[in-house]
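Chemist: For reference, the structure I am asking about is given below.
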Amino acid sequence: MHYPLNVYLGKVREYEGSKPSAIAKYQVDGELKLTELGLEGDQQAEKVVHGGPDRALCHYPREHYIYWAREFPEQAELFTSPAYGENLSTEGLTEKDVYIGDIFRWGDALIQVTQPRSPCYKLNYHFGIHDMSSLMQETGYCGWLYRVVLAGNVSTESPLELVSRLSDVTVAEAIATAWHMPFDDEQYHRLLSAAGLSVSWTRTMQKRRISGKIEDNSRRLFDK
């Protein structure tokens, strides 16, 4: 299958009342260079939790914006790509269709799905909705992240093409395992076995198995 896509870049900006962010991205066209850390010209504000080799690109399904606009009709004009700060946007490809470890060809490059996006509190500020990050997590409409397996020249005219499927864990199942279920060691082991899982998610799942408890996500979701 081939999936046409829109591509977006952004620079870090200061926001009064919030922390710096590169969420305000703009659509680009033509040839681009994809490095192991992402698209040339794209930035991340906090590289400890954003960016890096396992989080080089963010993908968000365009169809989710229809849901959000219906949920928040008074702010419907906000819900259009790339409002969630994504680099890639498609139709016909959601968390239920994509698997941890999937490798896609994009132009001369290869990219691999590493984890769901973990929504953070900055989204609450940017949408003016106090629990947007939590709502994304609850609905599972989070999108996902990629590492760059092979850097190279890419183009907005080149579609994504799935070339390898390496696990049986969808992004939707990873989201459910992490955030929608009570403690389940068997499911954590299953997720850990998914080829290509990011270091961050591997660490989190292994910590759960060792400690026997689920971590507190309130700081990530609400900065508390």
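The values are calculated or read from the model by the stated rules, or taken from the named source; none is laboratory data. Predicted model only: the values in this text are computed from it and were never measured. Counting neighbours? That spans all protein chains shown, and the Cβs are built from the backbone with ideal geometry, glycine included.
Chemist: Determine, yes or no, whether Arg165 is surrounded by fewer than 16 Cβ atoms within 10 Å (Cβ to Cβ), touching a strand residue (DSSP E or B) at 6+ places or on another chain (Cβ under 9 Å) and basic (Lys, Arg).
Modeler: Yes: the conditions hold for Arg165.
Chemist: Which of the following residues is under 26 Å from His189 (Cβ atoms) and in contact with a Ser or Thr (Cβ under 6 Å, 6 or more places away or on another chain): Gly107, Gly101?
Modeler: That would be Gly101, the only listed residue that is under 26 Å from His189 (Cβ atoms) and in contact with a Ser or Thr (Cβ under 6 Å, 6 or more places away or on another chain).
Chemist: Can you tell which of Leu145, Leu110 is under 18 Å from Lys25 (Cβ atoms), of a type in the set (A, V, I, L, M) and at pLDDT 95 or above?
Modeler: Among Leu145, Leu110, only Leu145 is under 18 Å from Lys25 (Cβ atoms), of a type in the set (A, V, I, L, M) and at pLDDT 95 or above.
Chemist: Can you tell me which residue within region 35-78, out of those that are among the polar types (S, T, N, Q) and modelled with pLDDT under 95, is farthest from Val171 (Cα to Cα)?
Modeler: Initially, region 35-78 is screened for residues among the polar types (S, T, N, Q), giving 35, 43-44, 75.
Right, trim to modelled with pLDDT under 95 and you get 43-44, 75.
Values: Gln43: 24, Gln44: 23, Gln75: 28 Å.
Looking at residues that are among the polar types (S, T, N, Q) and modelled with pLDDT under 95, I get Gln75.
Chemist: May I pose another question? Got a sec? Which of Ala69, Ala24 is at negative phi and touching a helix residue (DSSP H, G or I) at 6+ places or on another chain (Cβ under 6 Å)?
Modeler: Working: Ala24 fails: touching a helix residue (DSSP H, G or I) at 6+ places or on another chain (Cβ under 6 Å).
Among Ala69, Ala24, only Ala69 is at negative phi and touching a helix residue (DSSP H, G or I) at 6+ places or on another chain (Cβ under 6 Å).
Chemist: Follow-up. Identify, from the list Glu186, Glu161, the residue that is modelled with pLDDT of 95 or more and assigned to a strand (DSSP E or B).
Modeler: None of the others qualify; the one that does is Glu161.
Chemist: Return the pair list, or none, for Cβ contacts closer than 6 Å from residues in region 12-41 that are in contact (Cβ under 8 Å) with a residue 24 or more places away in the chain and over 27 Å from Ser155 (Cβ atoms) to residues that are part of a loop (DSSP other than H, G, I, E, B) and among the β-branched types (Val, Ile, Thr), at least 6 apart or on different chains.
Modeler: Between residues of region 12-41 that are in contact (Cβ under 8 Å) with a residue 24 or more places away in the chain and over 27 Å from Ser155 (Cβ atoms) and residues that are part of a loop (DSSP other than H, G, I, E, B) and among the β-branched types (Val, Ile, Thr), the close pairs are Pro20/Val12.
Chemist: Counting residues that are buried (at least 18 other Cβ atoms within 10 Å of the Cβ) and in contact with a strand residue (DSSP E or B) (Cβ under 8 Å, 6 or more places away or on another chain), which strands (runs of 3 or more DSSP E) fully inside region 66-157 reach at least 3?
Modeler: Output list reads 88-90, 103-106, 109-116, 144-150.
Chemist: Here is a further query. Pick from region 16-57 the residues that are in contact with a Phe, Trp or Tyr (Cβ under 9 Å, 6 or more places away or on another chain) and more than 20 Å from Ser81 (Cα to Cα): which of them is surrounded by the fewest Cβ atoms within 10 Å (Cβ to Cβ)?
Modeler: Of everything passing the filter in region 16-57, Gly17 is surrounded by the fewest Cβ atoms within 10 Å (Cβ to Cβ).
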